[in-house]
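Presented below is the structure to which this report refers.
The values are calculated or read from the model by the stated rules, or taken from the named source; none is laboratory data. Fair warning: this is a prediction, and the values are worked out from it, not measured in the lab. So basically every Cβ, Gly included, is an ideal-geometry build from the backbone, and we count neighbours across all protein chains shown.
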Amino acid sequence: MKKIIQSYIKLKSKFKPKNDFEFENANYNRLSLINRALNKYDQKKCKYLEIGLGDCNNYNSVSLDINNKYGVDPAFDSVNNIHGVKSDEFFQNNNETFDVIFIDGLHHYDQVLEDCSQFPNITLVVKDIHELDDPSAYGIKKISAVHIDVDIYEPTVSALNFVDKCEWDSIYMRFDDWHGHEPDYDFHERQACREWIDKNGYFINVMRNGLHGEAIVSKKL
Ligand SMILES: C[S@@+](CC[C@H](N)C(=O)[O-])C[C@H]1O[C@@H](n2cnc3c(N)ncnc32)[C@H](O)[C@@H]1O
């Protein structure tokens, strides 16, 4: 019996529990991202809006009281905070303000742009990454975080050149295809990053080195 327990403990110690930041291939699902965002607010006062409810699984699982959750979807009948209309119509008559919003209704370019434009604190720049203007043209000054998800080498180079034009001393960076989901996507974002670091003499502390990459890049040690 003792031997069995010892070998169980030995086996278990090889598989230490990992928190999700350490878990190599963790993909934060939409619910965990939404709940993380909501946790920053007073749960009793905070208001959540979901545009596009689908089967309502996500909406129902959001960890807030039902009175603090609002939904918009033309496929539903209107009841309580659920508005059975298209997002355009909802925004025409809406006076509420929301703390966290999940835009997942009509996934067309024009509609997503329209849905985002209802909120003055969201700036969405839709442009070819190779043809970006100076950051000041988009009102971008000092930056602290960058997420790169362009898959291949050339657009990563352009994205990193844009980052160079922004103001920063140290930034958190996430690369969606650091090692790539498949061989075709390997040696792209990671290679462009390595060349960028070497060319500029930046310092990089890679915190996650898997399918996705996370790093702190600094100009000084
Ligand atoms: C991808 S599903 C939403 C999934 C849901 N958010 C989830 O995470 O499970 C898209 C939903 O958008 C709704 N929809 C389509 N056009 C819309 C519009 N103009 N405004 C709001 N919702 C819309 C559809 O009826 C559909 O239920």
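For the range 100-216, give me every one of the helices (runs of 4 or more DSSP H) that falls completely inside it and has 1 or more residues that are within 20 Å of the chain's Cα centre (by Cα), at pLDDT 90 or above and of a type in the set (Asp, Glu).
By residue number, 109-116, 189-200.
Please determine, by comparing only the residues of the range 62-99 that are modelled with pLDDT of 95 or more and of a type in the set (Gly, Ala, Ser), which one is farthest from the chain's Cα centre (by Cα).
Looking at the filtered set, the residue picked out is Ser78.
Say whether the condition of being over 24 Å from Cys166 (Cα atoms) and more than 16 Å from the ligand (Cβ to nearest atom) is met by at least one residue in the range 107-121.
The answer is no; no qualifying residue exists.
Which one is farthest from the ligand (Cβ to nearest atom) among residues in the range 54-74 that are in a loop (DSSP other than H, G, I, E, B) and closer than 24 Å to Asn29 by Cα? Can you show your working first?
Applying the first criterion (in a loop (DSSP other than H, G, I, E, B)) to the range 54-74 yields 54-56, 62-65, 73-74.
Filter once more, so that each one left must be closer than 24 Å to Asn29 by Cα: 54-56, 62-65, 73.
On the way: Gly54: 3, Asp55: 6, Cys56: 7, Val62: 10, Ser63: 15, Leu64: 15, Asp65: 19, Asp73: 5 Å.
Taking the candidates together, the pick is Asp65.
Any idea how many residues of the range 43-53 are at positive phi and either away from the ligand (no atom under 12 Å from the Cβ) or in contact with a Ser or Thr (Cβ under 7 Å, 6 or more places away or on another chain) (or both)?
Initially, the range 43-53 is screened for residues at positive phi, giving 52.
Now drop any that are not either away from the ligand (no atom under 12 Å from the Cβ) or in contact with a Ser or Thr (Cβ under 7 Å, 6 or more places away or on another chain) (or both), which leaves none.
Residues in the range 43-53 being at positive phi and either away from the ligand (no atom under 12 Å from the Cβ) or in contact with a Ser or Thr (Cβ under 7 Å, 6 or more places away or on another chain) (or both): 0 in total.
I'd like the full set of residues that are touching a helix residue (DSSP H, G or I) at 6+ places or on another chain (Cβ under 7 Å) and of a type in the set (Val, Ile, Thr), limited to the range 153-184.
Answer for the range 153-184, where residues must be touching a helix residue (DSSP H, G or I) at 6+ places or on another chain (Cβ under 7 Å) and of a type in the set (Val, Ile, Thr): Thr156, Val157.
Just give me the residues in the range 75-85 being within 10 Å of the ligand (Cβ to nearest atom) and either surrounded by fewer than 18 Cβ atoms within 10 Å (Cβ to Cβ) or at positive phi (or both), in sequence order. It would help to see each step written out before you state the result.
Of the residues in the range 75-85, the ones within 10 Å of the ligand (Cβ to nearest atom) are 75-76, 83-85.
Scanning the range 75-85 gives Ala75, Phe76, Gly84, Val85.
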